[in-house]
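S.K.: First, the structure itself, so that you have it in front of you.
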Amino acid sequence: MSTKKVMRVGFLTSGGDCQALNAAMRGVVKGLSNNCENLELYGFLNGYKGLIYGDFKLLTPQDFSGILTKGGTILGTSRVPFKEIRIPDENGVDKVEAMKQNYHKLNLDCIVILGGNGTQKTANLLREEGLNVIHLPKTIDNDIAGTEVTFGFQSAINIATEAIDCIHTTAASHNRVFIVEVMGHKVGWLTLNAGMASGADIILIPEIPYDTDKVIEAIKRRTKEGKGFTILAVAEGAISKKDAALSKKEYKKKQEEKKYPSVSYELADEITKKTGIEVRVTVPGHTQRGGSPCPYDRVLCTRLGAEAAKAIIEGDFGNMIGNVHRELVRVPLEKVAGQLKSVDPESQIIKDAKFVGISFGD
């Protein structure tokens, strides 16, 4: 697979960071450097902003050495919302045109874009504008269509699980009800997996609106069974049946009022008011995106990187590298960009969780 042509490849990481961004870039570079004699690497700094404003640095394969276990991203990241990508900046800069010009100035063969849903939509836009792109699916939320797992997801599960594990001992010691709020944006993949892995008694996710009275019933049932504490794993995007029945306008207005910091505090207050039970809330927050990638993500990113490198060498662009049935696949961006992968309330994993007694508040 060796080639003598100078291969010029750009990299950028966009959106929220996660544990395995560096591992994924390393995988691509190792795949390319092992099969290309002449390689030029360009790292765009701070996400799409680097591509827009020509803020980049020339890199070597050595720059990607020793970063397999390093969290975050050596290139930095930022958010440039897709809905604003066609809007000129404060100086009148046409962002899309600027990205195209900087791509062509460097005579790039391809740009590897690592990021989540919003990042992917912009990557697909650049594909439509004629640029050669490869997208690697990054997000702890695991909500990208076309792949069964995103990198960063398993590492975040490990951290969220450990957080809930630690709460178990103090909850048991004090006979308290604890809510642990887990990240995940608009979907429940992270909360579902971390909740099951840590033995949470109640798991609340956005895809299954909850009834507060049903949640209280589950807590009281445990008390009757002689279990003095209850652990709730609550997704940051969880929603009550009452709120789910509101119109988008009504729900947005309620959110803007910000009576509570998050849904977990609102639920805790409702439980206490209705039962007198003491409820404590713990929010692990951004710790779930931090630290070193777990072994699973390191292996996944090495494989994703290798497949991305093969696609670049073969000239097969415009794809996301996905993982389906543990096999890597090249998924056309136009087929998946903009799609959200949610938890199916009727899926086998939900049925299994309910079968062993986990309540979803429904």
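S.K.: Using only the Cα atoms of the stretch 1-120, what are the Rg and Dmax in Å?
M.R.: So, for the stretch 1-120, Rg and Dmax equal 14.5, 46 Å respectively.
S.K.: Then there is this: Would you kindly find the accessible area of residue 174, with a 1.4 Å probe and non-protein molecules such as ligands, DNA and RNA excluded, rounding to the nearest 10 Å²?
M.R.: 100
S.K.: Write down the accessible area per residue of the stretch 253-362 in Å², having rolled a 1.4 Å probe over the full set of protein chains.
M.R.: Ligands and nucleic acids excluded, the figure is 55 Å² per residue.
S.K.: Each residue of the stretch 242-247 in order: what ³J(HN,Hα) in whole Hz does its phi give by Karplus 6.51 cos²θ - 1.76 cosθ + 1.60, θ = phi - 60°, with x for Gly and Pro?
M.R.: After applying 6.51 cos²θ - 1.76 cosθ + 1.60, I find 5, 6, 5, 7, 6, 6 Hz.
S.K.: Let me ask another. Taking the Cβ of residue 64 as the centre, find all other residues whose Cβ is under 15 Å away and add up their charges (Lys, Arg: +1; Asp, Glu: -1).
M.R.: Result for the neighbourhood of residue 64: +3.
S.K.: Taking K and R as +1 and D and E as -1, what net charge do the other residues with C-beta under 12 Å from the C-beta of residue 127 add up to?
M.R.: 0
S.K.: Below 8 Å, C-alpha to C-alpha, sequence gap of six or more: please give me the relative contact order for the chain in percent.
M.R.: In percent, rounded to a whole number, it is 23.
S.K.: OK, next. For the chain, what does -39500 (n - 2.57) per DSSP helix run (n ≥ 4), summed and divided by total residues, give at 222 nm, in deg cm²/dmol to the nearest 500?
M.R.: Theoretical 222 nm ellipticity from helices: -12000 deg cm²/dmol.
S.K.: Quick one: what are the phi-derived ³J(HN,Hα) couplings along the stretch 38-49, Karplus 6.51/-1.76/1.60 with θ = phi - 60°, whole Hz, x for glycine and proline?
M.R.: Rounded to whole hertz, the list is 10, 10, 10, 10, 10, x, 7, 8, 6, x, 5, 4.
S.K.: For 42, 53, 265, 251, give me the order by solvent-accessible area with a 1.4 Å probe, most accessible first, ignoring ligands, DNA and RNA.
M.R.: From most exposed to least exposed: 53, 265, 251, 42.
S.K.: If I build a Gaussian network model for the chain, linking alpha-carbon pairs within less than 10 angstrom, which residue out of 146, 66, 199 has the largest mean-square fluctuation?
M.R.: Result: 66 has the largest fluctuation of those listed.
S.K.: Any idea what the alpha-carbon Rg over 2.2 N^0.38 Å comes to for the chain?
M.R.: Against the empirical 2.2 N^0.38 Å value, I get 1.09 for the chain.
S.K.: Short version: what are the Cα gyration tensor semi-axes of the stretch 162-289, square root of 5 times each eigenvalue, largest first, in whole Å?
M.R.: In descending order the semi-axes read 23, 17, 13 Å.
S.K.: Hey, another quick one. For the stretch 210-344, restrict the atom set to alpha-carbon positions and state the Rg and Dmax in Å.
M.R.: That works out to 21.8, 65 Å for Rg and Dmax.
S.K.: What percent does the relative contact order of the stretch 92-186 come to when contacts are Cα pairs within less than 8 Å and at least six residues apart?
M.R.: For the stretch 92-186, the relative contact order is 19 percent.
S.K.: While we're on this one: I need to check one value: relative contact order of the stretch 307-351, counting alpha carbon pairs closer than 8 Å and at least 6 residues apart, in percent.
M.R.: 24
S.K.: Given a 1.4 Å probe and heavy atoms of the protein chains only, how would you sort 234, 283, largest accessible area at the top?
M.R.: Output order, biggest surface exposure first: 283, 234.
S.K.: Which of the residue pairs 186/242; 70/138; 138/258; 310/335 have a Cα-Cα distance greater than 25 Å in the structure shown?
M.R.: Pairs exceeding the cut-off: 138/258.
S.K.: When Rg is the radius of gyration of the Cα atoms in the stretch 297-362 and Rh is its Kirkwood radius, what does Rg/Rh come to?
M.R.: Dividing the radius of gyration by the Kirkwood radius yields 1.16.
S.K.: Could you please put 86, 221 in sequence from largest to smallest accessible area, using a 1.4 Å probe?
M.R.: The residues order as 86, 221, largest area first.
The values are calculated or read from the model by the stated rules, or taken from the named source; none is laboratory data. Quick caveat: nothing in here was measured; it's all calculated off a predicted structure. Because the Cβ atoms are built from the backbone with ideal geometry, glycine has one as well, and the counts that use them run over all protein chains shown. Heavy atoms of the whole protein, side chains included, go into the accessibility calculation; ligands, DNA and RNA do not. Shrake-Rupley method; radii C 1.70, N 1.55, O 1.52, S 1.80 Å.
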